There are 4 protein chains.
Amino acid sequence: MIDHDNKVELINKREVTKSNNRSLIINAGIKVFMEKGVSEATVRDIIRFTGLASGTFYNYFSSKEEVLVAIVDDFALGIGQILRINKDKPKDFEEYLLIRITIFLNYVISRPELYLIMTNNQNIINNFSIITPQVILEIDFLKEEVKKGTEKGIFPEIDFELFALVLQPVVDALAQDMMLQKRPNVKECTNRCVNFLLNGLVENK
Amino acid sequence: MIDHDNKVELINKREVTKSNNRSLIINAGIKVFMEKGVSEATVRDIIRFTGLASGTFYNYFSSKEEVLVAIVDDFALGIGQILRINKDKPKDFEEYLLIRITIFLNYVISRPELYLIMTNNQNIINNFSIITPQVILEIDFLKEEVKKGTEKGIFPEIDFELFALVLQPVVDALAQDMMLQKRPNVKECTNRCVNFLLNGLVENK
Amino acid sequence: MIDHDNKVELINKREVTKSNNRSLIINAGIKVFMEKGVSEATVRDIIRFTGLASGTFYNYFSSKEEVLVAIVDDFALGIGQILRINKDKPKDFEEYLLIRITIFLNYVISRPELYLIMTNNQNIINNFSIITPQVILEIDFLKEEVKKGTEKGIFPEIDFELFALVLQPVVDALAQDMMLQKRPNVKECTNRCVNFLLNGLVENK
Amino acid sequence: MIDHDNKVELINKREVTKSNNRSLIINAGIKVFMEKGVSEATVRDIIRFTGLASGTFYNYFSSKEEVLVAIVDDFALGIGQILRINKDKPKDFEEYLLIRITIFLNYVISRPELYLIMTNNQNIINNFSIITPQVILEIDFLKEEVKKGTEKGIFPEIDFELFALVLQPVVDALAQDMMLQKRPNVKECTNRCVNFLLNGLVENK
DNA sequence: GATGAATGAGCTTTCATTCAT
DNA sequence: CATGAATGAAAGCTCATTCAT
């Protein structure tokens with residue numbers, strides 16, 4: 001029994017170090033990518049930040065881009081889970097957008113660096129992984145939801161392609177503006193988004 | 001005689017401009033940036049393309065980023081001139097947007113590489129110069145125009161800040177989609193933009 | 001019963017030898033040295049081939065060169081044993097050479113990889129150990145045999161130093177040529193060697 | 001005129017530096033290859049020896065192997081020229097061999113490092129260039145010469161393939177032995193070679 | 001004795017930049 | 001102004017080797 005416990009403990013210790021180093025590198029990557037931008041960052045910058053030996057980096061990743069992908073994956077995974085967990089039944093399109101965008105902006109505010117790294121380096125991300133930038137908002141998932149809502153008759157007929165094209169850049173633009181404020185206000189930003197998406201620039205027609 | 005001399009001078013100027021080392025470098029920059037992306041491109045790549053000696057590069061620019069800025073400036077200058085030259089008097093906001101966006105999309109289509117280089121490298125452009133990406137559409141100039149139109153009463157009251165934030169990303173998203181088509185259709189794309197900007201996603205309310 | 005136990009023990013020993021880590025490493029070394037050449041091979045390549053952990057390598061060898069030496073030793077040991085076991089009494093020098101070279105070429109043909117590794121890496125072997133390439137044919141042993149034959153009067157007076165210098169390269173050259181043939185013919189090759197060694201290039205004088 | 005002269009001078013100065021650096025690197029290569037062997041040598045070792053900057057190496061060669069090839073080419077070129085210049089008309093095969101081997105051994109003695117580098121690294125040379133190790137003695141050229149001599153009837157009928165296989169290793173073995181002597185004696189070594197090649201080990205039959 | 005992650009020296013190579021010509 | 005070889009900092013990466021487990 002003691003032997004067995006020992007073994008387990010040993011393995012765990014190693015496992016812990018292992019995952020520690022991985023996080024160490026990812027976190028260093030986040031800091032470096034924020035400071036210098038992904039394209040200017042070097043593998044050496046990242047390991048310098050971790051305090052690990054240079055060789056250790058390559059035990060976990062084989063390029064800075066893989067670190068970037070790990071960061072993006074982490075973000076996308078998080079937002080994907082929250083989006084899917086949500087079980088609200090919006091009564092109309094406006095409520096639907098309000099809910100979705102609120103979730104997204106709250107998530108963004110909880111991980112501002114991840115969000116900024118992603119929006120600032122979409123071209124690199126595109127080139128390096130299957131994960132399209134749309135993953136960020138999981139656009140395709142939302143598009144399907146909207147289609148279903150329309151089929152059910154609770155959502156209006158809209159141009160789904162336009163929706164898919166425009167949602168991300170609009171929300172990004174307003175989200176980035178929000179994050180520049182001293183006191184980012186998710187509610188206000190959400191309303192702005194939804195109003196614009198529903199009514200365009202000219203509100204009271 | 002004077003006329004003749006002038007002509008000759010002009011031609012010479014053009015010739016000079018054409019084979020001008022500065023232009024040579026800028027054009028090489030455009031090709032290289034298109035092929036490898038700005039962050040992967042090197043000064044060496046660019047001079048290799050020109051056939052000039054490496055030292056010559058530094059008589060004109062002191063980094064590849066300066067070449068990028070020159071490219072962006074050139075694009076911005078071009079669109080700026082056209083925007084200002086235009087003397088149409090739009091009768092309302094819709095017409096105004098139609099005119100402006102048509103001009104922009106035509107310009108984009110006439111210089112697709114410049115546009116793609118810019119949209120694909122906004123992070124670098126942001127980091128390197130004061131020139132914000134909004135320069136591309138000369139957003140501030142348009143904002144002023146819109147304000148004036150509103151003051152004159154021919155444009156509706158709109159949220160000018162929202163307009164400034166949202167115009168660029170929306171037009172970019174649709175422009176990029178347009179350029180992926182086999183036969184890019186400026187008119188169609190313009191209508192899509194304007195409709196969305198004016199009415200939002202839900203058209204027939 | 002004892003017999004039976006013995007047998008089992010023997011089999012076990014063999015099993016152990018077979019799956020013995022040392023042999024595992026040596027065999028991996030042979031494969032890797034054949035594929036990449038000694039100088040391009042790395043310790044990592046070798047352990048990768050064994051499936052062992054990298055640290056384990058150092059329980060048996062302290063460098064890839066030591067593995068090489070082990071391979072060479074193994075080859076030399078083998079040929080040495082056979083040479084010494086042989087109890088033929090040649091009646092003259094020609095018969096002596098025929099016997100010796102036949103033994104050697106048969107041994108070479110039975111272990112082509114070992115032989116190729118050795119002949120292709122003589123510089124490394126020389127630099128790394130006292131074992132000269134002559135070990136391969138156990139030149140010194142043969143030299144002594146020849147001297148004794150000469151003393152006995154059954155061998156002619158020859159230049160022993162020349163013999164020692166020339167035997168190895170001549171046999172190697174013809175052995176390598178033989179191994180390039182579709183159907184290596186030991187007898188033919190042996191005759192060629194012996195004829196040349198005895199009569200030089202011009203046979204019928 | 002002055003201008004013209006100046007230009008020529010300038011170009012010459014550059015050319016001189018250029019060829020100086022090339023030689024500098026080749027000579028450093030020779031020293032390093034002698035000391036560590038080709039497979040252990042690194043590009044860094046070589047540039048350290050020259051005193052040049054690391055980048056400069058790559059203006060002339062793109063790997064240590066290219067330096068090796070340059071060394072080998074130089075040697076082969078030299079021996080090739082001398083072999084072809086020679087206009088002696090040997091009266092028989094013995095005289096022919098004496099002349100050829102004397103030329104070769106004198107050349108070897110005049111460039112001992114080059115010769116040693118080559119003989120010690122034939123495997124690497126084989127892998128890296130079309131130049132086979134036989135180039136060293138220009139075996140094929142000699143083979144043709146011998147064939148012609150046989151046709152003319154002044155040389156005996158010999159096994160040309162055997163000649164081509166055996167000449168190089170035999171001469172190499174004796175040449176290396178010669179170079180280990182305090183006072184290398186070309187004449188003696190040549191005689192040894194020729195005697196062995198003509199008569200085999202047993203001289204007085 | 002086996003494991004395999006961590007280490008860091010050190011190699012190859014590129015590249016921006018300078019400067020004598 | 002043009003040239004292009006020289007420079008050397010610095011990046012990417014590998015690998016032998018150690019050592020806690």
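Here is how the numbers come out for the structure above:
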item	result
Separation between Cα centres of region D:17-56 and region D:153-168, rounded to whole Å	40
Dipole magnitude of region C:64-205 about its Cα centre (Cβ charges: Lys, Arg +1; Asp, Glu -1), debye to nearest 20	460
Inter-copy label distances at B:Phe141 (7 Å, Cα→Cβ; nm, one decimal)	4.2, 7.5, 9.4
Rounded, prolate or oblate (a/c below 1.5 giving rounded, otherwise prolate when a/b exceeds b/c) for region C:92-193 by Cα gyration tensor	oblate
Phi-based couplings in Hz for region D:79-85 (Karplus 6.51, -1.76, 1.60; Gly and Pro marked x)	5, x, 4, 4, 4, 7, 4
Global geometry of region C:41-146, whether rounded, prolate or oblate, following the gyration tensor of its Cα atoms and the 1.5 cut on a/c	prolate
Estimated FRET transfer efficiency (D:Lys187, C:Ser54; beta-carbon r; R0 35 Å; 0.05)	0.05
Contact order normalised by residue count of region B:72-205, Cα under 8 Å, 6+ apart, percent	30
For region B:144-157, Karplus couplings with θ = phi - 60° (6.51, -1.76, 1.60), whole Hz, Gly/Pro x	4, 4, 5, 4, 4, x, 5, 4, 5, x, 8, 10, x, 6
Label point distance in nm, C:Arg22-D:Asp92, each placed 7 Å from Cα along Cα→Cβ	5.9
For D:Ser110, inter-copy label distances in nm, listed shortest first [label point 7 Å out on the Cα-Cβ vector]	5.0, 7.3, 8.3
Local electrostatic count at B:Leu83 - Lys and Arg +1, Asp and Glu -1, tallied over other residues with Cβ under 13 Å	-1
Nearest-20 debye value, region C:18-61 charge dipole, Cβ charges on Lys, Arg, Asp, Glu	140
Average other protein chain Cβ within 10 Å of Cβ, residues C:35-47	1
Sparse-neighbour loop sites [GluC sites (Glu not before Pro); region C:150-192; at most 16 other C-beta within 10 Å; DSSP]	C:Glu157
Span from the region D:72-104 Cα centroid across to the region A:103-120 one, whole angstrom	79
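Values in this text are rule-based calculations from the coordinates and carry no lab data. All of these numbers come straight from a predicted model, not from anything done at the bench. Methodologically, a virtual Cβ is constructed for each residue, glycine included, from the backbone with ideal geometry; neighbour enumeration extends over all protein chains shown.
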